[in-house]
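Heads up: the structure comes next, in structure tokens.
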Amino acid sequence: MDPFAEEENPFGEVEPERIHSDTSSTSRVAVSEPASPPRPSRALSSPPETPPSKRTTFPSQGSHRQPQVYKNDFCCVRDQWLHSGEDVEIQIMDAVKTSANATSPYIAYVIRAGNAEAHHRYSEFESLRTSLAKLYPTLIIPPIPSKQTIGEYAAKQAKAKEDAAMIARRKRMLQTFLNRIARHPILSNEHVFHRFLDGEVSWSEVLHSPPLSLLPKNILKAPSHNPTDQTSLPAYAALPNPSPAHPLRRPDQRFLDSEIFTNKFAAHLSGPMEKVTRRTMKRWSDYAQDHSELGATLNGFSLNESGQLSTAIEKTGQAIDTTYMSTTALLQEFEQDWAEPLHEYSQFASIIKKLLVYRHQKHVQYEMTQDQLEAKREQLDELEMSEREARRLEEALNQGRVSSITATRSRSADGETAATSTEDDEDAAETPQPEPSVYLPPHPGPNPVRRRAPGLGFLNALSYTLHGMMDVDPETARRNNISKTRETISQLEDALHLSAQDLKYSSSTIQADLDRFQRQKVADLREMTISMARSHRDWCRKNLAAWEEAKAEIAKIPDHPNRIPEGANGKATANRRDSTATINGR
């Protein structure tokens, strides 16, 4: 177990200097080292030990359970029962075949939670887990038993869904799933889980009512702490939708270590350990089957003999039968207390991988929002610079127009004075001249009357026509673009703030739940190994007692007639059988 040494385990306790109590929202959030929320001292107490002599089923009550948090505001009766302070346990009492509310029969599992009883099929357990994973994207949601493979369906065909061994295994693992949720400090407070245990309302109605009906399609476009918050969805719509494979500029080393450890943990569980476990169970099963056949053969053979020999052979056959039965019991305990939890923890490894991918995407989302905001700010600077240049150019053009108009006015006034003094007709009425405007608004395109450079007349005329057809004013378009860019920057600033808060919350919550999972894993592995040792000890005790009885009966068999008699001193004259004894005795 060197790869899983404590110093390499990123799921261990967080160093004191990394724990910060200030988790308030600020405009500038340090996301390079997101803090884990401080855990109360009660969570650090060691779990109660189970007496070795007491046989318990996995998972043992309280083996990884933190002390109960007493509540005063209960949402329902199930909530009050779960937080009553007692070691409550949810049980799956039976699995019945029914066709209620369905066109074809199915297997329904009978759940007993206190005085409440509910019936749910496997697909409803699956939808419960999926719903909890969407409601709490930063928590490790316990797994449910895997679906049957195509090979199993092909081998059993129509009887695949009614296989007794598969149903018994699902009963145990689904019960473990429900009890893990009931012992979780956060998931146990979820009212959706309480309604699942009550069974008073149809599960289809629960799925189509709040809060599950308010869940968004894309969980990345919703707040991590409350994905059903409808008021924040417009602000989250501006966030990008990153790919899980997108690299990070500034990754958090803690979560990189967590990914490396999880990959090693998953590879070790799903590789060597599960393979060796399956091979071990196969050999134990063959061993039990061989003893079953051998015991039946010896019991039949004892009927052909008589006297003490027949009794000894029968006792030997019974000892072999005891070995067969104890080995069968050992196999059942080995499957329940070792193989199934081992497979469950391989599923946990996959769940943690997805959890770390979610946190990675949230970090990428933050960095991509930063990049978009910087790009928009640079675009706004360029647009504002263009606007300032346009204004300076417009002011220069206006000054030139005013000076040319003033010169034209002075020349016109001098010409009119000279013409009036030389004319004979003094009574001619003066025609009033219109006063030209000081400011001329810019034309949307080039003026076709203005003198153009040779060869550009057609292009300028075409540009003027197109501008006129589109009715585009460059100045107005530029100002509209500036206004839209400023609005986009404002939205991105809000989105960046939300993304930073999400990243900080996701990092701290995921790290805290990983710490809780590490304590749970250590307690469960301890319970698994103790259960394995206890099962082998009981197997040896049962077999030893049976073989001691067989040995006592075998000792009662009379001596062989060809055995060398003992001497006068009470000892045999030879330690080996004389091959000539039979010949001389004729």
Extreme residue, most open to solvent (accessible area, probe 1.4 Å), among residues of the range 176-206 that are touching a Lys or Arg at 6+ places or on another chain (Cβ under 7 Å) and closer than 24 Å to ASP524 by Cβ: ARG183
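Which one of these is modelled with pLDDT under 95, surrounded by 11 or more Cβ atoms within 10 Å (Cβ to Cβ) and either of a type in the set (D, E, K, R) or assigned by the TED database to the domain that holds THR316 (or both): LYS571, LYS556? Steps first, answer last, please.
Values: LYS571 fails: surrounded by 11 or more Cβ atoms within 10 Å (Cβ to Cβ).
Exactly one of LYS571, LYS556 is modelled with pLDDT under 95, surrounded by 11 or more Cβ atoms within 10 Å (Cβ to Cβ) and either of a type in the set (D, E, K, R) or assigned by the TED database to the domain that holds THR316 (or both), namely LYS556.
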Answer from SER224, SER204 - the residue that is of a type in the set (Ser, Thr, Tyr), assigned to a helix (DSSP H, G or I) and at pLDDT below 95: SER204
The range 208-246: number of residues that are within 18 Å of ASN189 (Cβ to Cβ), open to solvent by 70 Å² or more (accessible area, probe 1.4 Å) and under 20 Å from the mean Cα position of the chain (by Cα): 1
Residue, modelled with the highest pLDDT, within the range 136-165, restricted to residues that are exposed (fewer than 11 other Cβ atoms within 10 Å of the Cβ) and of a type in the set (Val, Ile, Thr): THR149
Which listed residue is in the same structural domain as GLY114 (by the TED database), touching a residue at least 12 places away in the same chain (Cβ under 8 Å) and not in a helix (DSSP H, G or I), from PRO240, PRO210: PRO210
The lone exception for GLU259 - which of (1) without any contact (Cβ under 8 Å) to a residue 12 or more places away in the chain; (2) of a type outside the set (Gly, Ala, Ser); (3) part of a helix (DSSP H, G or I) it fails: (1)
Those residues of the range 262-276 which are touching a residue at least 40 places away in the same chain (Cβ under 8 Å), surrounded by fewer than 18 Cβ atoms within 10 Å (Cβ to Cβ) and of a type outside the set (Ser, Thr, Tyr), in sequence order: ASN263, LYS264, HIS268, MET273, GLU274
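Which residue out of GLN332, GLN372, GLN336 is open to solvent by 60 Å² or more (accessible area, probe 1.4 Å) and touching a residue at least 40 places away in the same chain (Cβ under 8 Å)? Before the answer, list the steps.
Values: GLN332 fails: touching a residue at least 40 places away in the same chain (Cβ under 8 Å); GLN336 fails: open to solvent by 60 Å² or more (accessible area, probe 1.4 Å).
Just a single option satisfies the conditions, and that option is GLN372.
I need the full set of residues from the range 108-130 which are in a strand (DSSP E or B), in contact (Cβ under 8 Å) with a residue 60 or more places away in the chain, open to solvent by 30 Å² or more (accessible area, probe 1.4 Å) and under 18 Å from ILE167 (Cβ atoms), in order please. I'd like the intermediate steps shown before the answer.
Within the range 108-130, the subset in a strand (DSSP E or B) is 108-113, 116-121.
Then keep just the ones that are in contact (Cβ under 8 Å) with a residue 60 or more places away in the chain; that gives 109, 111, 113, 116-120.
After this cut, where a residue has to be open to solvent by 30 Å² or more (accessible area, probe 1.4 Å) as well, the list is 117, 119.
Within the range 108-130, just HIS119 meets the criteria.
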Failed item, numbered, when TYR324 is tested on (1) touching a His at 6+ places or on another chain (Cβ under 7 Å); (2) more than 28 Å from LEU544 (Cα to Cα); (3) open to solvent by 50 Å² or more (accessible area, probe 1.4 Å): (2)
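Out of ALA102, ALA133, which single residue is assigned by the TED database to the domain that holds PHE196, surrounded by fewer than 19 Cβ atoms within 10 Å (Cβ to Cβ) and not in a loop (DSSP other than H, G, I, E, B)? Give the steps one after another, and end with the answer.
Numbers: ALA102 fails: not in a loop (DSSP other than H, G, I, E, B).
Going through ALA102, ALA133 in turn, the sole match is ALA133.
The values are calculated or read from the model by the stated rules, or taken from the named source; none is laboratory data. Because the structure is a prediction, the values reported are computed rather than measured. Because the Cβ atoms are built from the backbone with ideal geometry, glycine has one as well, and the counts that use them run over all protein chains shown. Note: areas computed on protein heavy atoms with side chains; ligands, DNA, RNA excluded. Shrake-Rupley method; radii C 1.70, N 1.55, O 1.52, S 1.80 Å.
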